[in-house]
Each structure stands twice: as C-alpha cells, then as structure tokens.
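K.L.:
I'd like to ask you about the structure that follows.
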Number of protein chains: 2
Amino acid sequence: MSTARFERIAIVGVGLIGGSLALALKAAGAVGEVVGVGRDPASLQLAVEHGLIDRTATLPEALDGCDLVLLATPVGQMARIMLDMAPHLSTHTLVTDAGSTKQDVVSLMQTCLPEHVANCVPAHPIAGAELSGPLAARADLYVRRNVVLCPLAETSPQAMQRVSTMWQQCGAVVRFMDAAQHDATFAAVSHLPHLLAYALVDMIARRANRDELFSYAASGFRDFTRIAGSSPEMWRDIALANRQALLAELDAYTLQLAALRSALDAGNGADLMAVFSAARAARQAWLQPG
Amino acid sequence: MSTARFERIAIVGVGLIGGSLALALKAAGAVGEVVGVGRDPASLQLAVEHGLIDRTATLPEALDGCDLVLLATPVGQMARIMLDMAPHLSTHTLVTDAGSTKQDVVSLMQTCLPEHVANCVPAHPIAGAELSGPLAARADLYVRRNVVLCPLAETSPQAMQRVSTMWQQCGAVVRFMDAAQHDATFAAVSHLPHLLAYALVDMIARRANRDELFSYAASGFRDFTRIAGSSPEMWRDIALANRQALLAELDAYTLQLAALRSALDAGNGADLMAVFSAARAARQAWLQPG
C-alpha cells in the first residue's frame, strides 16, 4: 500500500462518516489539519471538543490551501455546496464525497464543478450505522469495510490514486464500479431494505394498539428494524436520488411478496419451504463463504 | 414467586427451545429427571451428551410417571404427537407447548386430547433465535423474556399456575392472552418480518449477479435478514398455522409499500420523510421507553 499525507483537508458535514474519516486519518498520521464545515454550530463545536476536527470555518475559508475536500452531507445538500465551492476551489484541491448514491453525484460534479472534474472522485464508504452525528464517529469505522470509487471519465489517475490511498490508510478495501452499476447494486442490498424496515415500523406505529404490539416485539424485530433507526433526511435523499433503481427493486420485491401471498393463501407449504430454505442457504453461504 | 418442582418431565423436540427449558429448570433445581423424545437419534444423543436431557425414550415410555410434557416441535408435527400421546397420558400429567401460533394448538388440544383439556396449557416463549438445535440451548435463554400463556376455557387454575411458575423459575415474565389476540399480535411483530426477510434474501439469491450483490451487502443487510437464518420448516408451519392473520398483515404491508412507491415515484420527499421520521421515533420510543 502506498502512503500519502495531506497537509490540510476540509470535511463538509462532520457526522459519523466525515468524523470517522478524520479520526482514522489522524490515527494513521495521514493528515495535518482537519477543517470542519457544517450547518449546525453546536454539532461542529462538539466535533472540535472531541478531536475530530482542528477548527471550524466557512466553506470558502476551509477551501483555502486545502488538499482535499470531503462532502459527507446528505446527498440532497450537495448541489448547493458544490455551487458554493466552485469559485473558491484551487486547481490542486481534490473533491470527493461519501454519498450512498453515485449517479447523482457524478452528474452534480459535471454540472457544478466543470472546471475541476479531473480532481473529482465520487466515493461511497460502505460503513453506515443507525447512529449518526459526531459523537458516533470512530477511528476504526472503515477497517475492512468496502469503499467504492466511481470515477468520472474525466477523473485523473493521480486523483483516483490519492483518494484510493487515503481510504486504504483508514483500513478500507477499495473497489471500483461504474456509477449506474453501483446504484443498482445498492438499491437491492441497502436502499430497499431500509425502505422495507421503515415501512414496517411505521405501519405498526399507526395502529391503535401500537403499545401492545411493541410490547411483544422481540430481538428478531429489533434487528430487522435496526436500519429504521437511520437518519430520515439522509434516507429520503438517497431514495429520491436513486429513485429509478429503487422503484425497480421495490416492484421486483412486490412481485416476490405476491408470489409468497399466493402460496400462503393456497396453503402451499412446499413453495413456502422452497423460498425459506433457499433464503437461509444463500444467507449462510454469504456469511460463511467456502 | 411460588416455587415448584417436577419429579419428571418429558420434552418432545430437544432443540433450542426445549433444550433451553431443560437447562433452565435444572439450573433452578426445579426438575428431577428430564426425558427427551425426538425424531433424530443423533440429535437426541447430542442432547444427552451436553446434559440437556438425562435419557431418551419413546413417546409412550416418556409419558410413564411424567408430571409435565412440553411439545417443542414445529407446530406442523403437533397433531400427530398429541394423537400418539392421548392413550398414554396419566390424568395428572400437564401438557404444554412452545409453539409460535396458539389458535391451532388450542384447537388441536381440544380435538386430540379431549379427556385432558383441564391439564393443557398452550404457551409461547418469546425467545427464538436464528440458531436452532440442541447445541444452541442455553440455561439463560428465557431470562427477562416474555412467555405468553393462552389457556383454554377448560384449563384448570392449578395447571395454569404450575406452568406459569415453571416459566418464572426460568427467569421469564409470564403474560396471558387470548389465542386469537396472540396470533394477530405475532403476525404483525414476528411472522410478517420473517416472511419479509426470507423474501428479500430469496429474491437476491435468484439473480444472475447474486455473488456481486452479496459482496456489497453490509451490516444493515446482515441484521435485516438475520431472521432469514431461522428454521425453514418451523416458519413454514407457523405461516400455514397463522395463515389468516399473516395474510391480513401481508396485505396491510403491501398497501403501505404501495403508498411509499407512489410517494417515491412522485418525488414526494415530504411524504417519505414523514414515514421515515415516524418510524425512527416509534422505534426509539420502543427501545428507550420513558
């Protein structure tokens, strides 16, 4: 693994994702100064007090002399931030992000930062949690986690190499994907499950006997719905940004449920058993490969 | 809490649930001898070797001089077992079960054990796990877990008291419910989530690019699908036994998904945000009451 050091980086959105990158880079000795930018002064102050960032600044100030800027905000905010950044970006500053959708970020970079696309490296660290905010940040969040890079056609090899090295220094496994393939993949294995978990909890919470129902919910329910504890704003933005792929997955899943409903309605135990058995076997193979 | 001791109990189906009850009663000094009955000799032998049961026996043998018999098999097997038991049951032997559905068990007890209904106490310990089999059994499985008793109209107060005390001696919290109310409650908070998790994993496992998809699945997917690691046979039987209530929940959930689909298709971020926020708030209130 090659090593590299940034003299100064700026992190826009110092929560779980941005704060953990800051802690990991500091722990690796891979960064000099970390400047934090955000919309909530109290949250930024917490980030300073807990050593995630060295100081706070406005966006233009933070870009001054900055080697790399990470956008770690909900994706719905990125258009405005990129437009605000454009007049202040140095030619050498790398721009990367941590959004859970990538086609929208690729498009925004091309539209909002046309002069800087060679320095733009869209990225997605696969290390979410239902916790959020700076106090959830951990230096080891990315150890052995996938980080997917979805470079633009215009991204320079040097920019890709530096961002790749940065994540590897945090312990992550860097993988490369086309943005459309990325979005289709995560619609299936991440975005759809989030939607399904939110939908179930909301359905039960609307019932008149919700307290009774929740009082009997146990560990299976708790784990199934853990991702429904995630940030609603972040997941609204992800759902909207990846709308087409998520609609396709939702439709496929609705068909799957309709087939199960037919089997159940017909008392067809063999069909139910086939689905349940195939699912368990596939999950076991995933968790214990080889 | 009153205490009581059984000289001899029989457990039919010595897996996670039956084996854990045996271990817990032994740890509490609440049982003399535990006799195991099952369809898999190798599994029963493991249960003997690990001290879950003291010996194995055929069902008629096990009922001889037995104070209580626990049916801890998939619910699909209970009709045959009860019919086999009927001619060998002493008038003093209590009959209870650990099935996840209760209207079917109530009905089976009335049909198959009409001479013994005063001694029948349908029960549901809420302590499943995706692990199964005798090696998964633990003496503390029921500590602070709900155990729901759904007595028949004919169940004697003495029988109910003894089974209630037995579970309390294992550390469980005993609650009472009507069988229909039980089945409707668990269709919502347990049976539906299991169906949803199995459906998602099976859907992904059927894709040509399943390996690629699974390679990007992370902790959110792992927890959401944990219950899809549960016994397919057990969950087939539960789904069929609680078919009407589960169909009703599946239909309600399908409507909920259709509403979310409309919001997503229309780019209605406010509606998505409302569902996601309500779900998160309800889940937090459930996990941290007061």
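K.L.:
So the check is Cβ under 9 Å with 6+ separation or different chains; which pairs have a first residue in the stretch A:113-125 that's touching a residue at least 40 places away in the same chain (Cβ under 8 Å) and a second one that's among the basic types (Lys, Arg) and not in a helix (DSSP H, G or I)?
P.N.:
A:Pro122/A:Lys102; A:Ala123/A:Lys102; A:His124/A:Lys102; A:Pro125/A:Arg145
K.L.:
I would also like to ask the following. Of all residues in the stretch B:231-246 being more than 7 Å from every other protein chain (Cβ to nearest Cβ) and under 12 Å from the mean Cα position of the chain (by Cα), which is nearest to A:Ala282 (Cα to Cα)?
P.N.:
B:Ser231
K.L.:
So which residues in the stretch B:4-28 are in a loop (DSSP other than H, G, I, E, B) and either in contact with a strand residue (DSSP E or B) (Cβ under 8 Å, 6 or more places away or on another chain) or buried (at least 24 other Cβ atoms within 10 Å of the Cβ) (or both)? I'd like the intermediate steps shown before the answer.
P.N.:
Keep residues of the stretch B:4-28 that are in a loop (DSSP other than H, G, I, E, B), which gives B:4-5, B:13-15, B:28.
Residues satisfying the conditions are B:Arg5, B:Gly13, B:Val14, B:Gly15.
K.L.:
Restricting the search to the stretch A:163-208, which residues are in contact (Cβ under 8 Å) with a residue 40 or more places away in the chain, open to solvent by 30 Å² or more (accessible area, probe 1.4 Å) and among the aliphatic types (A, V, I, L, M)?
P.N.:
Selection gives A:Ala180, A:Ala184.
K.L.:
Where residues in the stretch A:247-277 are facing chain B (nearest Cβ under 7 Å) and open to solvent by 40 Å² or more (accessible area, probe 1.4 Å), which of them is farthest from B:Met203 (Cα to Cα)? Break it down into steps so the answer makes sense when it comes.
P.N.:
So the first thing to find is which residues in the stretch A:247-277 are facing chain B (nearest Cβ under 7 Å), and the list is A:247, A:250, A:252-254, A:256-257, A:260-261, A:264-265, A:267, A:269, A:272-273, A:275-277.
Right, trim to open to solvent by 40 Å² or more (accessible area, probe 1.4 Å) and you get A:254, A:261, A:265, A:273, A:277.
On the way: A:Thr254: 10, A:Arg261: 15, A:Asp265: 20, A:Met273: 14, A:Ser277: 12 Å.
For the stretch A:247-277, the residue satisfying everything is A:Asp265.
K.L.:
Take the residues of the stretch A:141-162 that are within 14 Å of chain B (Cβ to nearest Cβ) and assigned to a loop (DSSP other than H, G, I, E, B): which is surrounded by the fewest Cβ atoms within 10 Å (Cβ to Cβ)?
P.N.:
Taking the candidates together, the pick is A:Arg144.
K.L.:
Would you pick out the residues in the stretch A:29-59 that are buried (at least 17 other Cβ atoms within 10 Å of the Cβ) and polar (S, T, N, Q)?
P.N.:
A:Ser43, A:Thr56
K.L.:
Determine, yes or no, whether B:Ile126 is within 13 Å of the chain's Cα centre (by Cα) and surrounded by 17 or more Cβ atoms within 10 Å (Cβ to Cβ).
P.N.:
yes
K.L.:
Within the bounds of the stretch B:197-205, is there any residue that is modelled with pLDDT of 95 or more and more than 7 Å from chain A (Cβ to nearest Cβ)?
P.N.:
If we filter the stretch B:197-205 for residues that are modelled with pLDDT of 95 or more, which is where we start, we get B:197-205.
If we keep only those that are more than 7 Å from chain A (Cβ to nearest Cβ) too, we end up with none.
So far as the stretch B:197-205 goes, no, none of its residues is modelled with pLDDT of 95 or more and more than 7 Å from chain A (Cβ to nearest Cβ).
K.L.:
What about A:Asp237, is it buried (at least 19 other Cβ atoms within 10 Å of the Cβ), at pLDDT below 95 and charged (D, E, K, R)?
P.N.:
Details: buried (at least 19 other Cβ atoms within 10 Å of the Cβ): yes; at pLDDT below 95: yes; charged (D, E, K, R): yes.
Judged against the criteria, A:Asp237 is a match.
K.L.:
Using the structure shown, decide if B:Leu113 is open to solvent by less than 10 Å² (accessible area, probe 1.4 Å), touching a helix residue (DSSP H, G or I) at 6+ places or on another chain (Cβ under 7 Å) and more than 11 Å from every other protein chain (Cβ to nearest Cβ).
P.N.:
Judged against the criteria, B:Leu113 is a match.
The values are calculated or read from the model by the stated rules, or taken from the named source; none is laboratory data. Source: prediction; values computed, not measured. Neighbour counts run over all protein chains shown; Cβ positions are idealised from the backbone, glycine included. Please note that ligands, DNA and RNA were not included when accessible areas were found on the heavy atoms of the full protein model with its side chains. Shrake-Rupley method; radii C 1.70, N 1.55, O 1.52, S 1.80 Å.
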